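Visitor: Just passing along the structure, written as structure tokens.
Only the coordinates and a few stated rules stand behind these numbers; no lab work does. Predicted model, so just to flag it, every value in this text is computed and none were measured. Positions of Cβ are backbone-derived with ideal geometry, glycine not excepted, and every protein chain shown enters the neighbour counts.
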Amino acid sequence: MWNYSFVLPNFIALSTFLVFYFTRPRLPIKLNKSFLKILFIEMAVLTIDVASSAALESGKSIPHVFLRIINVLFFALFIMRAAMFFMFTLDIMKIRNGMKAAHQLALLGIAIVCEAIALANMFFDTIFSISETGAYAKCFLYNAIYVCSFFYIFASIAALFANRSRVPDGFFLNSCAFNIVLLIGTLMRIVFPKFLIMDSFCLLSIVIICLSFENSAIYVEPRSGLFNKKALRDILSELSGKRCRLILGFVLNNYGELREIYSGTQMDRGIALIGQFLAKSYPSLISFYLLNGRFAIIGKKEADAGRLMEEIGERFKKPWNAGAEVDISVDITFVQVKPEMRIDCPEKITNGLFAAMNSVRTIGSGNVVVDEESIARIDSSTEIKRAVVHAVESNAVELFLQPLFGTRTGKIEGAEALARIRAADGSLISPTAFIPIAEKNGRITMLGEQMFEKTCAFIRNHDIAAMGISWINVNLSPIQFLRRDLNERFSAILEKYGVEAKLIHLEITEESMIDYALLQKQIQLMRNTGFQFVLDDYGSGYSNVTRLRKCPFVNVKLDMELVRDYYASRDDTIPTFVQMFKKMNFSVTAEGIENEEMARALTEIGCDYLQGFHFSAPIPAEEFAARYTPER
């Protein structure tokens, strides 16, 4: 006789889990699908286990064929359950994403063999036998079900340890725990075969899984009720190596202004209405709200894109009633991932979609298509970001120097320190590419300080006077210039290398002159230490002669575009500027000198120093020292 005392609570718990599963929004990813399969298989195992046990107890009153069929079905499901828990474990680590069907079938090899043994029991006594009187007995291959169970439990634990980095943070122990519970349950079944206790341990494993991995809230954006960014990333990761025929997004134009006009509360109500519209109108598609007025839809049919854009566009021609007699009118722009694109790297597709949506919000252009070219641009930007982070964090930003030649002597009299960063392949990245990135990610201050320190080290290690150099210009970014401890930090570096402040001129751009009060205070503080200041790129931005007159600069550098324009047109603007600066006691440097004729023209109008590729491109500091240090 079997003990059924654990059965009813198990049925109730499993039924509760199934109801909970189907009444919450579920992302159609492998992890959730595997969990649902576990629930159905466990419910089937529990049902068949009770039915087969009860049938065997009835003996002769049950047809022999029925007894054999129901027991074969039980063992087939028992084996399937072990394999399904293993598959779920793999899905935790996303190992099956992009895996070929043949490889997945190979993982189920043991289960397939054991299933064949179980099904063969219909004709041969492999796992069990049932006599004509209905007596049940184990046969020589009965332990195959335990071999299968133990194999997949230990394979799961081994996979978890081998791929620990792929387990979501904080869930490694949970993943091991439900497999260990299954192991204990299997051992208990061996020790207490007359108790239907194994299902209770399986249920406990399901509880651990549900509490750890089946919290649907982590995938749902609460205001819209749609799936969120994490959901989008996970669903795309499962499409790795495939083509998703429909990835369509749209952006609420001028979303920031809309929140100011209608208030955050009313806009949140509007977001909820849009979410309800998408969920109700397109239940077969997966809809996402990606924050900041960005929505996305994923489907299987490319042909749906045109229809969706038309229908959604029509709906947005009407206002959204946000309550309190407030109607929100919104314009949208669509962003579509090119249907032919293969999702070889889901992260790139996600980044491409976000970048396209952000560009729409910035420039308000027409509908945008994310294609291979746009992904390549994002890849390039990503590589530059990584290079910047690596170079700054590892102090690998290189010091290059470019000479400044005096127009009176025709000889080198100064130099400019320029930062250079190399890509992973060793090639140099353009400063116009990495400087804006360093400013955005907050590393520009550290980069600037490293350049200042490396310039000090260069001055200490080389006889710059012998080269004819009286000073080296070092650039300060507007962000770095705002630091209140700038003078203190730079003074400490000067002291560390034993360098005089007069040997370094600090270049600031016109952008730094916006906050004039801070500019005056910072310059005066650092001039007291001995630093001299140069205004860089004059003519490129916030030119203000009145303010410039009051600033104690020693030199003004004309922007290279201004210099090129003068060389092309020879108008009176630049000569007038140069003479004005002379009267204000500023020396003048012309940047961007490309040939001898250009050098002669800028010399004739009174420029004191010339800088450009005509004399030398920026070169590594040691190469610079070797070139300009005279032989003894």
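Visitor: Mind jotting down the distance between the C-alpha centroids of the stretch 250-317 and the stretch 109-183, whole Å?
Guide: Cα centroid to Cα centroid, the span is 47 Å.
Visitor: Name the cysteines of the chain that stand alone by the Cβ rule: no other cysteine Cβ under 4.7 angstrom.
Guide: Within the chain, the cysteines lacking a partner Cβ under 4.7 Å are 139, 176, 202, 210, 244, 345, 456, 551, 607.
Visitor: What is the sum of charges around residue 34, taking Lys and Arg as +1, Asp and Glu as -1, for the other residues whose C-beta is under 10 Å from the C-beta of residue 34?
Guide: It works out to a net charge of +3.
Visitor: Which whole-number percent gives the relative contact order of the chain, counting Cα pairs below 8 Å spaced six or more residues apart?
Guide: 9 percent
Visitor: How do the peptides 292-301, 586-595 rank, highest first, by the average count of neighbouring beta carbon atoms within 10 Å per residue?
Guide: 586-595, 292-301
Visitor: What distance in nm lies between label points placed 7 Å from Cα along the C-beta direction at residue 65 and residue 20?
Guide: In this crude label model, residue 65 to residue 20 measures out at 4.3 nm.
Visitor: With a sphere of radius 11 Å drawn around the Cβ of residue 284, what net charge do the other residues whose Cβ falls strictly inside it have (Lys, Arg +1; Asp, Glu -1)?
Guide: My count for the surroundings of residue 284 gives +1.
Visitor: Taking a temperature of 37 °C and a viscosity of 0.692 mPa s, what whole-number D in µm²/s does Stokes-Einstein yield for the stretch 93-209 with Rh from Kirkwood over alpha carbon pairs?
Guide: For the chosen part, D equals 201 µm²/s.
Visitor: Would you tally the net charge around residue 622, using a Cβ to Cβ cut-off of less than 12 Å, leaving residue 622 out, and scoring K and R as +1, D and E as -1?
Guide: It works out to a net charge of 0.
Visitor: Suppose R0 equals 25 Å. What FRET efficiency, 1/(1 + (r/R0)^6) with r the Cβ-Cβ distance, do residue 131 and residue 194 give to the nearest 0.05?
Guide: After rounding, the FRET efficiency stands at 0.85.
Visitor: I've got another one for you. Please tell me the relative contact order of the stretch 383-628 in percent, rounded to the nearest whole number, where contacts are Cα pairs under 8 Å and at least six residues apart.
Guide: 20 percent
Visitor: While we're on this one: Sort 611-618, 378-385 by packing, meaning the average of other beta carbons within 10 Å per residue, with the highest value first.
Guide: Top to bottom by mean Cβ count within 10 Å: 611-618, 378-385.
Visitor: Tell me, what does the Kirkwood hydrodynamic radius of the stretch 220-370 come to in angstroms if you use every pair of distinct C-alpha atoms?
Guide: 15.6 Å
Visitor: Identify the residues of the stretch 448-479 with backbone N under 13 Å of a label point that sits 7 angstrom from the Cα of residue 529 along the Cα-to-Cβ direction, or state none.
Guide: Those under the cut-off are 449-450, 452-453, 456, 476.
Visitor: Would you kindly calculate the translational diffusion coefficient of the stretch 154-275, applying Stokes-Einstein with the Kirkwood radius from alpha carbon pairs, for 4 °C and a viscosity of 1.567 mPa s, and quote it in µm² s⁻¹ without decimals?
Guide: Reported coefficient: 70 µm²/s.
Visitor: Just how far, in whole angstrom, is the stretch 374-408 from the stretch 424-483 if you go by their alpha carbon centroids?
Guide: One Cα centre to the other: 10 Å.
Visitor: Relative to the longest principal axis of the C-alpha atoms of the chain, give the angle of the C-alpha long axis of helix 172-191, reported between 0 and 90° and rounded to the nearest 10°.
Guide: Taking Cα atoms only, the helix is inclined about 10 degrees.
Visitor: Evaluate the distance, in nm, between pseudo-label points positioned 7 Å from the Cα of residue 564 and of residue 177 along their respective Cα→Cβ axes.
Guide: The answer from the label model is 6.4 nm.
Visitor: Any idea what % of Cα-Cα pairs in the stretch 7-215 are farther than 31 Å?
Guide: 21 percent
Visitor: Could I get the Rg over Rh figure for the chain? Both from C-alpha atoms, Rh via Kirkwood, rounded to two places.
Guide: That ratio equals 1.17.
Visitor: Further question: List the pairs from 348/440; 557/583; 229/317; 30/94; 94/242 whose alpha-carbon separation is above 19 Å, in the order I gave them.
Guide: 348/440; 229/317
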